[in-house]
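So the structure is just underneath, and the comments pick up after that.
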Amino acid sequence: MLQAAKASAAKAAKEGEAAAAPVVAVPPPAPPLSNKDFGDFIAASLAVACVTSARSLQLYRREGIIRASLGGPIALGALAGAVAGVHTVHLPGMSQVGQRVMGAILLLTAARFARDVARLRRGLG
């Protein structure tokens, strides 16, 4: 994969275009097994999220499109949400509630993407 990314960057440089950012593939920590403790998978997921978030922050900062005045409140809100989520998920019955809320969030996100695509198509067509 690294060779493909290098070849793509070399081709783009030769043609005078901007090279696309290489894709980072993260293999699962273990093959899916029934009765497997998901702690390893959760840790791997959090590690990937931290790396990608840090990289995004670096790229946005380089472009100068970060509003520092919003960073603190957003970070505090994310921290409070994470702490509340960890404590709440261990209460009886909250796992099912969390799954339903996550499902609703995913459906709403999909609906927003569909709406944005429809608006773009109307604007372009």
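Read the figures in this text as sums done on the coordinates, not as results from a lab. Since the structure is predicted, the reported quantities are computational estimates derived from the model, not experimental observations. Neighbour counts are summed over all protein chains in view; Cβ atoms, including those assigned to glycine, are modelled from backbone coordinates with ideal geometry.
In the range 63-76, the residues that are touching a residue at least 60 places away in the same chain (Cβ under 8 Å) never reach a residue that is acidic (Asp, Glu) and surrounded by 10 or more Cβ atoms within 10 Å (Cβ to Cβ) with C-beta atoms less than 9 angstrom apart, at least six apart or across chains. Identification of helices (runs of 4 or more DSSP H) wholly contained in the range 36-125 with 3 or more residues that are of a type in the set (Lys, Arg) yields 39-63, 94-124. Within the option set Val117, Val89, being more than 22 Å from Leu46 (Cβ to Cβ) and β-branched (Val, Ile, Thr) holds for one residue only, Val117.
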